[in-house]
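Next up is a structure, given as structure tokens.
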Amino acid sequence: MAEEHKHEESIMEKIAEKIHGHGDSSSSSSSSDSDDDKKSSSLKTKVYRLFGREQPVHKVFGGGKPADIFLWRNKKVSGGVLGAATVSWILFELLEYNLLTLFGHISILTLAVLFLWSSASTFIHKTTPHIPEVHIPEEVVLQLASGLRIEINRGFTVLRDIASGRDLKKFLLVIAGLWVLSKVGSSCNFLTLIYIATVLLFTIPVLYEKYDDKVDDFGEKAMREIKKQYVVFDEKVLSKVMSKIPKGAFYKKKD
């Protein structure tokens, strides 16, 4: 009996060891999984995004119907808007059509067709054309005006900070951007510039959304190189220029 009792105890000890070993392996595997998750999450947080983007491109554009149009979620509407912009540019720029003349001719043609159709429908016993009621929603106009106001105020704040001499780097970037804009404006008129901006708005975001990983990788390398060149430029040029300028040129002495 004693031998049988010892045999049963040895069997129970082996079963307990297996259970504890399985628990330790599962806990170790879970801990390793959690470590892997932490590593993957840390790697994800370290991924460089162009312009500090933290949200998907669709969310950056507002996540509504305008974002769907710019990113070609609705291909019919996007193609229609881009096609209308192209036709308008051809008419006004290449054919040198006048806006008021075009509006007058289109209105005359549309009203004449609808009037003749409505008048003839009573004689040929067919239904009259359905003319929809067109109205601009107040909410859309208020949202557009509010967004435009926020961006304009932000631009004024940036210009004020630059004019106050607080950020030399931002000042040089803005001056370079305005110089490029003046050169582009001297080579093409305002209508062509608006059309180029429209085409870029309908092509660059959708391409960036498709190839964002490659673009972000290239942008990270480009930003590193730009920062290196700026450090060299700062040491050789800017620091020497700023050392020769008296501090009173930027800041007033306190009484």
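From the phi of every residue in region 220-232, what ³J(HN,Hα) in whole Hz does the Karplus formula 6.51 cos²θ - 1.76 cosθ + 1.60 yield, where θ is phi - 60° and glycine or proline is x?
Each residue of region 220-232 in turn: 5, 5, 5, 5, 4, 5, 5, 5, 4, 5, 5, 4, 5 Hz.
Another one. Taking the Cα centre of region 158-223 as origin, sum charge times position over the Cβ atoms of Lys and Arg (+1) and Asp and Glu (-1), and report the length of that vector in debye to the nearest 20. Don't skip to the end; give the middle numbers.
Working: 8 positive and 8 negative charges, 79 e Å.
Dipole about the Cα centre, nearest 20: 380 debye.
Here is a follow-up. Between region 112-128 and region 74-93, what's the alpha-carbon centroid distance in Å?
Spelled out, the Cα-based centre of one part sits 31 Å from the other.
Subtracting the Cα-Cα distance from 0.36 nm times the residue separation, let me have the gained length for HIS105 to VAL232 in nm, one decimal.
On the way: separation 127, 0.36 × 127 = 45.72 nm, distance 6.06 nm.
Additional length available on full extension: 39.7 nm.
For region 78-87, take each phi angle, set θ = phi - 60°, evaluate the Karplus expression 6.51 cos²θ - 1.76 cosθ + 1.60, and give the result in whole Hz per residue in order, putting x for glycine and proline.
Along region 78-87, the couplings run 4, x, x, 5, 5, x, 5, 5, 5, 5 Hz.
Which chymotrypsin sites (Phe, Trp or Tyr not before Pro) in region 110-200 sit in a loop by DSSP (not H, G, I, E or B) and have at most 15 other Cβ atoms within 10 Å of their own Cβ? Before the final figure, lay out the partial values.
Values: sites: PHE115, TRP117, PHE123, PHE156, PHE171, TRP179, PHE190, TYR195; in loops: none.
When the chymotrypsin sites (Phe, Trp or Tyr not before Pro) of region 110-200 are filtered for loop state and at most 15 Cβ neighbours within 10 Å, nothing remains.
Would you please give the FRET efficiency between LYS75 and SER243, computed as 1/(1 + (r/R0)^6) with r the Cβ-Cβ distance and R0 = 41 Å, to the nearest 0.05? Write out the running numbers ahead of the final one.
Values: r = 58 Å, r/R0 = 1.41.
The computed FRET efficiency comes out at 0.10.
Further, regarding this structure: For region 113-122, take each phi angle, set θ = phi - 60°, evaluate the Karplus expression 6.51 cos²θ - 1.76 cosθ + 1.60, and give the result in whole Hz per residue in order, putting x for glycine and proline.
5, 5, 5, 5, 5, 5, 6, 6, 5, 6
Determine how large the accessible area of VAL158 is when every protein chain is in place; take a 1.4 Å probe and give Å² rounded to the nearest 10.
50 Å²
Turning to a different aspect of this structure: Sort ILE136, ILE162, ILE152 by heavy-atom solvent-accessible area, probe 1.4 angstrom, most to least.
Values: ILE136 135, ILE162 20, ILE152 75 Å².
Heavy-atom accessible area, descending, gives ILE136, ILE152, ILE162.
The values are calculated or read from the model by the stated rules, or taken from the named source; none is laboratory data. Only a predicted model underlies this, so the values are computations on that prediction, with no experimental measurement involved. Note that we place each Cβ from the backbone using ideal geometry, even for glycine, and neighbour counts take in every protein chain shown. Accessible surface is based on the protein model in full, side chains and every heavy atom, while ligands, DNA and RNA are left aside. Shrake-Rupley method; radii C 1.70, N 1.55, O 1.52, S 1.80 Å.
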